[in-house]
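Rule-based calculations on the coordinates, nothing more; no lab input. Because the structure is predicted, anything quoted here is derived from the model rather than measured. Glycine gets a Cβ as well: all are built from the backbone with ideal geometry, and neighbour counts include every protein chain shown.
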Protein chains: 2
Amino acid sequence: MSDLLERLRGRGWRLTSQRRVVAEVLDGDHVHLTADEVHARAVARLPEISRATVYNTLGELVGLGEVLEVATDGRAKRYDPNAHRAHQHLVCSGCGAIRDVHPHGDPLAALPADERFGFTVTAAEITYRGLCPDCTGQA
Amino acid sequence: MSDLLERLRGRGWRLTSQRRVVAEVLDGDHVHLTADEVHARAVARLPEISRATVYNTLGELVGLGEVLEVATDGRAKRYDPNAHRAHQHLVCSGCGAIRDVHPHGDPLAALPADERFGFTVTAAEITYRGLCPDCTGQA
DNA sequence: ATCCTAACTTGGACTTTGTCCAAGTCAATA
DNA sequence: TATTGACTTGGACAAAGTCCAAGTTAGGAT
């Protein structure tokens with residue numbers, strides 16, 4: 001993730017301790033935290049960081065294309081640092097767990113021209129739903 | 001939509017004027033209203049209907065499988081009465097317009113077993129994004 | 001036809017998630 | 001190390017939705 005910070009500094013970002021902490025919190029695979037979760041973890045490292053700054057920083061990272069915003073339910077948005085490899089999401093209907101997944105083929109290809117209604121279609125987001133191993137038993 | 005009301009009555013629904021109005025508002029193709037929009041249109045027909053009842057009724061219709069809840073952005077959920085024919089959604093990034101679309105092939109088939117992480121996968125929701133004809137020119 | 005009652009509706013308070021702003025602080029350049 | 005514009009802060013505000021006690025009513029029972 002420190003390469004991320006370097007990259008952002010190259011883009012004129014001022015490197016504050018708050019931004020560093022947010023970037024650190026988002027580091028890793030299969031990370032899909034809500035803004036509040038990011039804030040909670042950031043506070044653990046930098047107690048005085050404010051909610052507003054976390055929202056600002058997340059918004060900037062999304063705008064810069066470094067983090068994806070994922071809305072898998074009607075609740076809080078989640079932030080996914082895995083923005084540089086195309087992927088989709090698999091969500092557990094029981095506990096809400098999320099995994100990054102890689103379906104094969106181009107999802108856009110499945111939408112025929114006569115179903116595009118004149119739109120210029122540029123992306124397809126897929127949410128696969130099911131029960132994770134832990135939740136399959138219970139229910 | 002009156003067949004819907006009959007069906008629900010068969011399931012023990014009490015047929016109130018409020019529920020009838022909500023069902024009427026949701027009638028049609030390519031309908032993707034937010035709860036507030038449903039409320040506004042319901043009020044036009046039945047001025048004293050409350051927001052709480054609209055939320056209750058929408059929640060019941062979703063629970064009964066008669067209406068789909070669609071969250072295409074991080075904003076308000078939308079309610080789609082076209083629950084009985086499988087379809088996906090095409091959303092305009094400019095103005096938010098939504099169309100029902102029917103990609104071919106089974107979206108689930110594109111997710112290989114080794115990308116399922118032990119989940120029992122039951123559904124795939126696809127959101128295609130792009131610009132509608134009206135928004136393609138501007139931007 | 002009318003009565004009864006569980007089911008439904010209501011309005012308002014409350015929660016969650018997120019945005020906005022004026023005032024204070026600080027990273028980075030000179 | 002002084003300066004300054006970018007950044008951060010906390011609190012007020014807004015949008016979307018939930019919850020609840022009290023009042024109303026659809027529809028079966030009489």
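Figures for the structure shown
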{"read-out": "Loop-located GluC sites (Glu not before Pro) in the stretch B:19-81, at most 14 other Cβ atoms within 10 Å (DSSP)", "value": "B:GLU48"}
{"read-out": "Other-chain or far-sequence residues with amide H under 5 Å of B:ALA123's (modelled H)", "value": "A:ARG129"}
{"read-out": "Rg(Cα)/(2.2 N^0.38 Å) for the stretch B:91-139, N = residue count", "value": "1.59"}
{"read-out": "Whole-number percent relative contact order across chain B, with pairs defined as alpha carbons under 8 Å at least 6 apart", "value": "19 percent"}
{"read-out": "Per-selection Rg to Rh, the protein assembly as shown - Cα, Kirkwood hydrodynamic radius", "value": "1.00"}
{"read-out": "Three-way shape label, chain B, alpha-carbon gyration tensor, a/c 1.5", "value": "oblate"}
{"read-out": "No Cys partner within the rule (Cβ under 4.7 Å), chain B", "value": "B:CYS95, B:CYS135"}
{"read-out": "7 Å along Cα→Cβ, label-point gaps from A:ARG14 to other copies, nm, shortest first", "value": "6.1"}
{"read-out": "Helical mean residue ellipticity (222 nm; -39500 (n - 2.57) per DSSP H run of 4+; nearest 500) of the protein assembly as shown", "value": "-9500 deg cm²/dmol"}
{"read-out": "Antiparallel %, DSSP beta bridges [both residues in the stretch B:88-133], to 5", "value": "50 percent"}
{"read-out": "Using a 7 Å Cα-to-Cβ projection, A:ALA123 label spacings across copies, nm, ascending", "value": "2.3"}
{"read-out": "Burial ordering of B:VAL101, B:VAL38, fewest other beta-carbon atoms within 10 Å first", "value": "B:VAL101, B:VAL38"}
{"read-out": "Whole-Hz ³J(HN,Hα) from phi, Karplus 6.51 cos²θ - 1.76 cosθ + 1.60, for the stretch B:50-59, glycine and proline x", "value": "9, 4, 4, 5, 4, 4, 4, 5, 4, x"}
{"read-out": "For the stretch A:2-80: rounded, prolate or oblate by the Cα gyration tensor [a/c cutoff 1.5]", "value": "oblate"}
